[in-house]
Amino acid sequence: MRMFKNALLTAGLAAIVAPAFAGVEWMTDLEAAKAKAATENKAVLVDFTGSDWCGWCIKLKKEVFDTPAFEQYAADKFVAVEIDVPQNAAKVGGEEQLLKNQALCEQFGVEGFPTILVLTPAGQVAGGFSGGASMESVVADLDAALANVKLLSEADALQGVQKAQALLKVYDSLPEGITAATSLRDEIAALDPDNVTGIQDSIKAENQRKEVLAKVQSLAESDYAAAISVIDEAIATALPENLVYFQAVKLELIQTDIFVALGKVQTLQDVETIKQRLLNEFVPALPEADQAEVKAQIEQEFADPAAVLKQVMDSQRPHEPQPQAPELSEEEQAALLDLQKKLQECGEDTDAMLKIVDEALPKATPAQTQYLTPLKMMILMQKSQTLLMAAETVEDVEAARAVSVQAVELLPESDKEEAMRSIQQTFADPQGLLEMVRLMRESQAPAVE
């Protein structure tokens with residue numbers, strides 16, 4: 001009898017506790033999720049993911065979505081739906097469903113993973129974020145999106161310009177890169193033909209950027225002079241909102257063209273030509289406040305033309321073939337294959353990869369070490385590139401540089417000096433490099449329709 005009472009007590013406690021820790025149910029049918037959200041008066045949380053290949057997706061799911069803290073936060077606010085685009089179609093039930101999920105990605109303008117969108121039950125985009133994120137930043141982004149869901153609901157009761165103004169508050173608050181917001185922008189424009197909100201000016205500016213950037217990209221790889229001519233014309237006719245943007249594009253074009261030419265120099269006269277191009281083309285394209293400092297840097301770096309020529313010629317010289325790595329025993333090969341599988345499971349998480357390699361190196365045989373050391377160097381360079389492309393501050397750029405230096409330390413002594421010079425040249429102007437990275441991100445982002 002006591003055992004039976006204990007069982008009843010345990011079951012009763014479980015019934016009381018379970019609702020507080022109930023997991024978020026991740027649906028896979030967006031239309032069904034929208035219908036359920038309408039019934040339950042919730043928003044729709046959509047996770048566009050690549051569950052078996054995207055490291056940031058796996059990390060976000062493990063460290064945020066699958067945690068009790070997130071489940072407690074989200075359970076009464078969202079109907080969650082996962083739109084998975086895996087490499088293995090069987091994970092979503094086959095090719096047909098995979099194609100449907102890919103079509104949804106196109107419909108919502110998703111080009112990077114993970115992308116998280118918050119929708120109203122009617123399917124309007126209210127907010128979201130992309131990339132990896134912490135629990136704190138996820139909650140902040142989702143709370144902002146929920147506030148927009150409320151604003152969108154309130155806007156439904158309005159008409160004409162009043163509704164356009166209400167919708168504009170939502171549109172202006174949406175994170176950069178949520179291209180599905182174009183339907184909201186178009187709705188605002190239709191409600192406001194007299195441009196009271198200024199949305200028509202925004203559309204004109206966006207269309208001008210899109211048109212000019214398409215022309216520049218089509219020319220840049222084959223004819224920099226023509227691309228620069230296009231951007232000069234764009235600067236002369238730029239809408240006020242676009243002037244700084246077009247000037248930054250021109251600066252990047254000039255710099256890229258000159259540094260490609262620098263890599264091909266053969267004579268001292270070629271080096272002098274590069275110097276003059278930097279002084280006469282690159283410097284004048286800079287903001288006036290920066291010109292004197294950059295000019296002085298160029299004069300200093302080209303003070304010894306012979307040294308510049310030698311550095312470039314050394315970089316052009318084919319590297320001597322490296323000694324062939326020793327043959328591995330079957331046992332050594334099996335251990336490396338097992339390590340490779342572990343690395344693949346890390347997705348794009350370079351810190352996790354480095355931890356695996358660092359744990360393997362002390363126990364590695366000499367033959368295995370000759371494989372693991374270059375592998376670690378490649379992972380470090382991948383981490384440096386990831387840090388640099390995500391940089392938001394000069395400190396972030398310096399962090400990327402520090403990781404590159406770690407990688408160089410793993411090179412043979414004969415290659416270290418040249419590699420270190422390359423790093424010093426790349427990171428010589430952290431602020432300028434940061435601006436270039438920001439420009440590259442902006443130029444690679446999907447244009448707003």
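The values are calculated or read from the model by the stated rules, or taken from the named source; none is laboratory data. These figures come from a predicted structure and were not determined experimentally. Reconstructed Cβ throughout: ideal geometry from the backbone, glycine too, with neighbour counts over all protein chains shown. Keep in mind that these areas ignore ligands, DNA and RNA; they rest on the heavy atoms of the full protein, side chains included. Shrake-Rupley method; radii C 1.70, N 1.55, O 1.52, S 1.80 Å.
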For the pair E409 and Q162, how long in nm is the line joining their label points, each one 7 Å along Cα→Cβ? 6.6 nm
For a Förster distance of 41 Å, can you work out the FRET efficiency between the beta-carbons of S422 and A334, rounded to the nearest 0.05? 0.65
A236-Q200 pseudo-label distance in nm [points 7 Å out on the Cα-to-Cβ vector]: 2.8 nm
Which whole number in µm²/s is D for segment 159-226 by Stokes-Einstein, with the Kirkwood Rh taken over Cα pairs at 20 °C and 1.002 mPa s? 158 µm²/s
Determine the percent antiparallel among the DSSP beta bridges restricted to the chain, to the nearest 5. 55 percent
Paramagnetic label zone (point 7 Å from Cα along Cα-to-C-beta, T273; backbone N under 19 Å) in segment 214-252: 222-228
Could you work out which residue, out of V138, V196, V260, moves most in a Gaussian network model of the chain, that is, has the largest mean-square fluctuation with Cα springs under 10 Å? V260
Please grab the % of Cα pairs in the chain that end up more than 38 Å from each other. 43 percent
Can you list which of the GluC sites (Glu not before Pro) found in segment 78-111 are DSSP loop residues with at most 15 other C-beta atoms within 10 Å? E111
Among L380, L243, L142, residue whose mean-square fluctuation peaks in a GNM of the chain (springs only between Cα atoms under 10 Å): L243
Ranked by GNM mean-square fluctuation in the chain (Cα springs under 10 Å), the top entry among Q247, Q269, Q87 is Q269
Value of relative contact order over segment 16-145, rounded to a whole percent, pairs C-alpha under 8 Å and six or more apart: 32 percent
For M27, which sequence-distant residues (separation of 5 or more, or a different chain) have an amide H within less than 5 Å of its own amide H, given hydrogens modelled in the peptide plane? A80, V81, E82
Which length gain, in nm to one decimal place, applies between D290 and Q266 when the Cα-Cα distance is subtracted from 0.36 nm times their residue separation? 5.6 nm
Beyond 18 Å (Cα-Cα) in this structure, taken from K34/K77; K59/K342; K59/K383; K77/K163; K36/K77, we find K77/K163
Using square roots of five times the C-alpha gyration tensor eigenvalues, list the equivalent-ellipsoid semi-axes of segment 353-435 in whole Å, biggest first. 27, 15, 7
On the accessible surface of the chain, probed at 1.4 Å, how many percent belong to carbon and sulfur atoms? 54 percent
Computed lengthening from Q107 to Q385, 0.36 nm per intervening residue step minus Cα-Cα distance: 97.1 nm
Estimated FRET transfer efficiency when R0 is 45 angstrom, pair K310-D351 (beta carbons, to 0.05): 0.75
In whole percent, what relative contact order does the chain give with Cα contacts below 8 Å and a gap of six or more residues? 11 percent
Would you mind checking the pairs K169/K210; K100/K210; K250/K310; K215/K310; K42/K91 and listing those with alpha carbons more than 32 angstrom apart? K215/K310
Can you work out the FRET efficiency for the pair E221 and E299, with r the C-beta to C-beta distance and R0 = 35 Å, to the nearest 0.05? 0.70
So what's the back-of-envelope 222 nm ellipticity for the chain, counting only DSSP H runs of four-plus at -39500 (n - 2.57) apiece and dividing by all residues, rounded to 500? -20500 deg cm²/dmol
Across the chain: Cys residues that no other cysteine approaches within a C-beta distance under 4.7 Å: C105, C346
